[in-house]
Structure formats: structure tokens, C-alpha cells
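Right, one structure below, let's go through it.
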């Protein structure tokens, strides 16, 4: 699985740090609950001390969204949206053990974590500005086209697997009951991103091995 950020994205956001994992041999059977609890506890402690909007991880993404011409309090990165929902509801819906784990990791570290079914990705996946001709499928099954210049996750077939960078993932490559292999991507822009991503990857890898003892995990070497 090839994953990268286009040179234009790297040059516009030199502070960007990212890590990506490919996992093979998962299913929807394990109960992720025991692995989610400590991650939720970390999120609880942080939210008890401050609102998610004050977290440096979230503030960095708000600045990036503003640079992209988006209103940061209307279009939010995935981790901020999750934290807001968790703070209001006290829990997140359980969807699939891998999705539940990635959501919990995102809560704990306040870093956007995307997960894609690799069988639904055609060739390499690149974070790049959209041309406007790419197709994006919503979770409702509707087809959209990203705005020219909008940062998307695009594959070689011109399908957008996420819109507005880490704001809105596509239903096309969402992990489901039949998913066996997946790509996990974590991206951050704040000053301690490199160390925090290393901790995030370590926690995610340990939980993956606990949920699926036979899982194969490989880190993608990013350019």
C-alpha cells in the first residue's frame, strides 16, 4: 500500500507530521471494550481540565483549516468533531472494533485518525489538492465532486476517499463487516506532533495485537 502527501501539501504545511500503518487479517469479531477504556480515560482527564478547542493539537488544525479558506468552527477536523461529540454524549457509538479503536485513539491523542478498507482503494493513496473531477461517495451513497484545490485523499482512479483533508471521510472505503485489510493514517500539525504520533502508533499497535493476535502490521514508509 502506497500512501503519501503531495509536495504542494508538504510545502504549504511544513509542520505536518504523519504516520501510517497497514494491517492485514482483521475481522469484526473481537470486543474492543477493554482496549477502549484506558484511551477514553485519557480523553476524560484532558476534557476535565480544558475544552477540546484549547488543545494545541486542535488549535493547529484550526489554523490549517483557516489557511485553506474554511471556517474552523464550522468545518472541524475529525478529532475535534469526535471530542465534541464525546464531551456532549459521554460515549461514542460502537461500529466495528477497528473503527472503535481508531476513534478512541483519536480521542486520547486529539489527533485525526483515518482508517480505510484497502480493498476499496485503487492503487496509491495521496493527500493532494483536488482537480474537481474526482468522485466522492457519501455514507448515504450520494456522489459529490470536491472543489478544485480542496485537499483530499485521492487514489489512482480519481476517487476521493476523504474531503477537506481530515474533515469528512468517504463511505466508499469505510471499514465494514467484510474488511480484512486496512490502512490507518494519523496526521498532526502541533509542535510536539512527532513524539505524540510515536506514542499514538505504539498504543495503536499494542491494541491491534491484543484484538487480533494473528494480525500483520506494517508501517508505511512516508516520503
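We did not get these values from a lab; they are worked out from the coordinates using the rules stated. Quick caveat: nothing in here was measured; it's all calculated off a predicted structure. We place every Cβ from the backbone using ideal geometry, glycine too, and count neighbours over all the protein chains shown.
Take the conditions over 17 Å from the mean Cα position of the chain (by Cα), touching a residue at least 24 places away in the same chain (Cβ under 8 Å) and within 28 Å of residue 206 (Cβ to Cβ) and apply them to residue 27. Does it pass? Judged against the criteria, residue 27 is a match. Of the residues that sit in segment 3-15 and are out of contact with any strand residue (DSSP E or B) (no Cβ under 7 Å at 6 or more places or on another chain), touching a residue at least 40 places away in the same chain (Cβ under 8 Å) and in a loop (DSSP other than H, G, I, E, B), which one is surrounded by the most Cβ atoms within 10 Å (Cβ to Cβ)? Among those that are out of contact with any strand residue (DSSP E or B) (no Cβ under 7 Å at 6 or more places or on another chain), touching a residue at least 40 places away in the same chain (Cβ under 8 Å) and in a loop (DSSP other than H, G, I, E, B), it is 13. The single condition from (1) surrounded by fewer than 19 Cβ atoms within 10 Å (Cβ to Cβ); (2) in contact with a strand residue (DSSP E or B) (Cβ under 7 Å, 6 or more places away or on another chain) that residue 49 fails is (2). When segment 153-187 is filtered for residues that are over 10 Å from residue 116 (Cα atoms) and in contact with a helix residue (DSSP H, G or I) (Cβ under 6 Å, 6 or more places away or on another chain), the ones remaining, listed by number, are 166, 186. Filtering segment 70-126 to residues that are crowded, with 20+ Cβ neighbours inside 10 Å, assigned to a loop (DSSP other than H, G, I, E, B) and touching a helix residue (DSSP H, G or I) at 6+ places or on another chain (Cβ under 6 Å) leaves 77, 110, 111, 112. Looking across segment 200-220, just one residue is loosely packed, with under 13 Cβ neighbours inside 10 Å, in a helix (DSSP H, G or I) and in contact with a helix residue (DSSP H, G or I) (Cβ under 9 Å, 6 or more places away or on another chain), and that is 206. A Cβ distance below 9 Å, combined with a sequence gap of six or more or placement on separate chains, defines the contacts here; from segment 111-128, residues that are without any contact (Cβ under 8 Å) to a residue 40 or more places away in the chain reach residues that are surrounded by fewer than 24 Cβ atoms within 10 Å (Cβ to Cβ) in the pairs 122/155; 122/156; 122/157; 122/158; 122/159. Looking at 20, 43, 60, just one residue is in contact with a strand residue (DSSP E or B) (Cβ under 8 Å, 6 or more places away or on another chain), in a helix (DSSP H, G or I) and touching a residue at least 12 places away in the same chain (Cβ under 8 Å), and that residue is 60. Checked against the criterion of being assigned to a loop (DSSP other than H, G, I, E, B), surrounded by fewer than 22 Cβ atoms within 10 Å (Cβ to Cβ) and at positive phi, the candidates 178, 171, 149 yield just one match: 149.
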